[in-house]
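Contents: one structure, followed by commentary.
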Amino acid sequence: MGVSDLVRAELARHDWTALSCACGDSAEHLPLVFETLLTAESLQDARGYDLSGHVEYSCIIAECTGPAIGVILAALAGEVSPAVKSEFLETLLCAVYGSGYDDASPSARAKDEFRAMVREGFWLLMQAGLTGSAQDAETVADLCEYYDLGDQKSAHYQALLRERVRAKTKRRVARR
(Lines give C-alpha, C1' and ligand atoms only; values in the text may rest on other atoms or scores of the structure.)
Protein backbone atom coordinates (compact mmCIF):
# COMPACT_ATOMS: atom_id res chain seq x y z
CA MET A 1 0.00 0.00 0.00
CA GLY A 2 1.05 3.61 -0.01
CA VAL A 3 0.10 7.16 0.77
CA SER A 4 -2.24 8.46 -1.92
CA ASP A 5 -2.14 11.96 -3.34
CA LEU A 6 -5.52 12.56 -1.69
CA VAL A 7 -4.15 11.62 1.75
CA ARG A 8 -1.05 13.77 1.18
CA ALA A 9 -3.29 16.71 0.22
CA GLU A 10 -5.45 16.25 3.32
CA LEU A 11 -2.38 15.98 5.55
CA ALA A 12 -0.95 19.17 3.99
CA ARG A 13 -4.22 21.04 4.54
CA HIS A 14 -3.69 21.24 8.30
CA ASP A 15 -1.09 22.91 10.51
CA TRP A 16 -0.49 19.88 12.71
CA THR A 17 2.02 21.72 14.91
CA ALA A 18 -0.71 24.18 15.91
CA LEU A 19 -3.12 21.40 16.95
CA SER A 20 -3.04 19.64 20.30
CA CYS A 21 -2.84 15.87 20.36
CA ALA A 22 -4.46 13.53 22.87
CA CYS A 23 -0.96 12.44 23.92
CA GLY A 24 -0.39 15.91 25.38
CA ASP A 25 2.03 17.18 22.73
CA SER A 26 1.34 19.01 19.51
CA ALA A 27 -0.03 16.86 16.69
CA GLU A 28 3.03 17.46 14.49
CA HIS A 29 3.88 13.73 14.65
CA LEU A 30 0.51 12.58 13.24
CA PRO A 31 1.45 12.86 9.53
CA LEU A 32 4.33 10.44 10.20
CA VAL A 33 1.97 8.09 12.05
CA PHE A 34 -0.49 8.11 9.14
CA GLU A 35 2.27 7.61 6.56
CA THR A 36 3.79 4.74 8.55
CA LEU A 37 0.44 2.99 8.91
CA LEU A 38 -0.42 3.42 5.24
CA THR A 39 2.95 2.15 3.96
CA ALA A 40 3.47 -0.73 6.40
CA GLU A 41 3.06 -4.27 5.07
CA SER A 42 1.42 -5.24 8.37
CA LEU A 43 0.57 -3.68 11.71
CA GLN A 44 3.64 -5.51 13.03
CA ASP A 45 5.74 -3.36 10.68
CA ALA A 46 4.07 -0.27 12.12
CA ARG A 47 4.53 -1.26 15.75
CA GLY A 48 4.58 1.83 17.91
CA TYR A 49 2.68 3.85 15.32
CA ASP A 50 -1.03 3.91 16.01
CA LEU A 51 -3.77 6.47 16.33
CA SER A 52 -5.06 5.47 19.75
CA GLY A 53 -3.77 7.89 22.32
CA HIS A 54 -3.32 10.56 19.68
CA VAL A 55 -6.54 11.14 17.74
CA GLU A 56 -8.47 10.07 20.80
CA TYR A 57 -7.49 8.74 24.19
CA SER A 58 -10.03 6.44 25.82
CA CYS A 59 -12.63 8.14 23.61
CA ILE A 60 -11.62 11.62 24.78
CA ILE A 61 -11.22 13.68 21.65
CA ALA A 62 -8.47 16.18 20.99
CA GLU A 63 -8.07 19.27 18.88
CA CYS A 64 -6.51 17.13 16.12
CA THR A 65 -9.48 14.71 16.01
CA GLY A 66 -11.46 16.52 13.30
CA PRO A 67 -8.51 16.90 10.91
CA ALA A 68 -7.54 13.26 11.56
CA ILE A 69 -11.06 12.12 10.64
CA GLY A 70 -10.59 13.89 7.31
CA VAL A 71 -7.31 12.03 6.73
CA ILE A 72 -8.92 8.69 7.63
CA LEU A 73 -11.78 9.29 5.20
CA ALA A 74 -9.31 10.32 2.48
CA ALA A 75 -7.36 7.10 3.11
CA LEU A 76 -10.51 4.98 2.93
CA ALA A 77 -11.12 6.40 -0.57
CA GLY A 78 -8.10 4.41 -1.75
CA GLU A 79 -6.33 1.13 -1.10
CA VAL A 80 -5.77 0.43 2.59
CA SER A 81 -4.58 -2.84 4.10
CA PRO A 82 -7.29 -4.75 5.97
CA ALA A 83 -5.57 -4.29 9.34
CA VAL A 84 -5.13 -0.54 8.87
CA LYS A 85 -8.71 -0.22 7.61
CA SER A 86 -9.91 -1.88 10.81
CA GLU A 87 -7.77 0.45 12.92
CA PHE A 88 -9.07 3.49 11.05
CA LEU A 89 -12.70 2.40 11.54
CA GLU A 90 -12.15 1.75 15.25
CA THR A 91 -10.52 5.17 15.58
CA LEU A 92 -13.53 6.76 13.88
CA LEU A 93 -15.88 4.96 16.24
CA CYS A 94 -13.93 6.12 19.31
CA ALA A 95 -13.71 9.64 17.92
CA VAL A 96 -17.45 9.92 17.32
CA TYR A 97 -18.16 8.50 20.77
CA GLY A 98 -15.67 11.08 22.06
CA SER A 99 -16.41 12.61 25.39
CA GLY A 100 -14.95 16.02 24.70
CA TYR A 101 -11.81 18.04 24.79
CA ASP A 102 -9.66 17.49 27.86
CA ASP A 103 -12.36 15.60 29.83
CA ALA A 104 -14.87 18.41 29.28
CA SER A 105 -18.33 17.81 27.89
CA PRO A 106 -18.26 17.41 24.13
CA SER A 107 -18.88 20.65 22.36
CA ALA A 108 -21.99 20.60 20.22
CA ARG A 109 -19.98 22.15 17.41
CA ALA A 110 -17.41 19.32 17.43
CA LYS A 111 -20.12 16.65 17.50
CA ASP A 112 -21.97 18.36 14.64
CA GLU A 113 -18.72 18.68 12.69
CA PHE A 114 -17.92 14.99 13.17
CA ARG A 115 -21.48 14.00 12.18
CA ALA A 116 -21.17 16.07 8.99
CA MET A 117 -17.84 14.41 8.20
CA VAL A 118 -19.32 10.94 8.72
CA ARG A 119 -22.22 11.87 6.42
CA GLU A 120 -19.81 13.13 3.78
CA GLY A 121 -17.88 9.86 4.04
CA PHE A 122 -21.01 7.68 4.08
CA TRP A 123 -20.20 5.80 0.88
CA LEU A 124 -16.57 5.28 1.88
CA LEU A 125 -17.71 3.82 5.19
CA MET A 126 -20.29 1.58 3.51
CA GLN A 127 -17.64 0.30 1.11
CA ALA A 128 -15.32 -0.47 4.04
CA GLY A 129 -18.09 -2.19 5.98
CA LEU A 130 -19.46 -4.22 3.09
CA THR A 131 -16.05 -5.42 1.86
CA GLY A 132 -14.16 -5.73 5.14
CA SER A 133 -14.26 -8.16 8.00
CA ALA A 134 -17.29 -8.88 10.17
CA GLN A 135 -15.75 -6.54 12.76
CA ASP A 136 -15.45 -3.79 10.14
CA ALA A 137 -19.12 -4.26 9.20
CA GLU A 138 -20.12 -4.09 12.85
CA THR A 139 -18.04 -0.97 13.46
CA VAL A 140 -19.58 0.84 10.47
CA ALA A 141 -23.09 -0.24 11.53
CA ASP A 142 -22.35 1.12 15.01
CA LEU A 143 -21.20 4.42 13.48
CA CYS A 144 -24.52 4.69 11.62
CA GLU A 145 -26.49 3.77 14.72
CA TYR A 146 -24.61 6.09 17.03
CA TYR A 147 -25.03 9.02 14.69
CA ASP A 148 -28.63 8.07 14.01
CA LEU A 149 -28.23 9.20 10.45
CA GLY A 150 -31.93 8.46 10.54
CA ASP A 151 -32.84 8.28 6.92
CA GLN A 152 -34.02 5.24 4.95
CA LYS A 153 -30.69 4.93 3.14
CA SER A 154 -28.79 4.70 6.41
CA ALA A 155 -31.28 2.23 7.89
CA HIS A 156 -31.08 0.05 4.77
CA TYR A 157 -27.29 -0.13 4.83
CA GLN A 158 -27.13 -0.57 8.57
CA ALA A 159 -29.38 -3.65 8.19
CA LEU A 160 -27.13 -4.97 5.39
CA LEU A 161 -24.07 -4.50 7.58
CA ARG A 162 -25.68 -6.25 10.56
CA GLU A 163 -26.67 -9.15 8.28
CA ARG A 164 -23.09 -9.32 6.98
CA VAL A 165 -21.86 -9.61 10.56
CA ARG A 166 -24.31 -12.47 11.25
CA ALA A 167 -23.43 -14.31 8.03
CA LYS A 168 -19.67 -13.99 8.48
CA THR A 169 -19.92 -15.04 12.12
CA LYS A 170 -21.97 -18.13 11.18
CA ARG A 171 -19.42 -19.12 8.51
CA ARG A 172 -16.56 -18.73 10.96
CA VAL A 173 -18.32 -20.87 13.60
CA ALA A 174 -19.25 -23.54 11.00
CA ARG A 175 -15.60 -23.90 9.91
CA ARG A 176 -14.46 -24.81 13.42
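The values are calculated or read from the model by the stated rules, or taken from the named source; none is laboratory data. Predicted, not measured: the structure shown is a model, and the values here were computed from it. Here Cβ is always computed from backbone atoms with ideal geometry, including for glycine, and neighbour counts include all displayed protein chains. Accessible surface is based on the protein model in full, side chains and every heavy atom, while ligands, DNA and RNA are left aside. Shrake-Rupley method; radii C 1.70, N 1.55, O 1.52, S 1.80 Å.
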Is there a residue in the range 1-24 that is closer than 14 Å to Ala83 by Cβ and touching a Ser or Thr at 6+ places or on another chain (Cβ under 8 Å)?
-> yes
Report whether or not Tyr97 is open to solvent by 70 Å² or more (accessible area, probe 1.4 Å), aromatic (Phe, Trp, Tyr) and in contact with a helix residue (DSSP H, G or I) (Cβ under 6 Å, 6 or more places away or on another chain).
-> no
The residue from Ser81, Ser58, Ser20 that alone is among the polar types (S, T, N, Q) and touching a helix residue (DSSP H, G or I) at 6+ places or on another chain (Cβ under 7 Å) is Ser20
Of the residues in the range 19-42 that are in a loop (DSSP other than H, G, I, E, B) and open to solvent by 70 Å² or more (accessible area, probe 1.4 Å), the one that is farthest from Asp5 (Cα to Cα) is Asp25
Which of the residues belonging to the range 4-18 are in a loop (DSSP other than H, G, I, E, B) and more than 10 Å from Val71 (Cβ to Cβ)?
-> Ser4, Asp15
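To keep it simple, each residue is scored yes or no on (1) charged (D, E, K, R); (2) modelled with pLDDT of 95 or more; (3) touching a strand residue (DSSP E or B) at 6+ places or on another chain (Cβ under 6 Å).
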| site | (1), (2), (3) |
| --- | --- |
| Arg8 | yes, yes, no |
| Ala18 | no, yes, no |
| Gly24 | no, no, no |
| Phe34 | no, yes, no |
| Ala46 | no, no, no |
| Tyr49 | no, no, no |
Of the numbered conditions (1) open to solvent by less than 60 Å² (accessible area, probe 1.4 Å); (2) over 15 Å from the mean Cα position of the chain (by Cα); (3) closer than 26 Å to Thr65 by Cα, Thr131 fails exactly one; give the number of that condition.
-> (1)
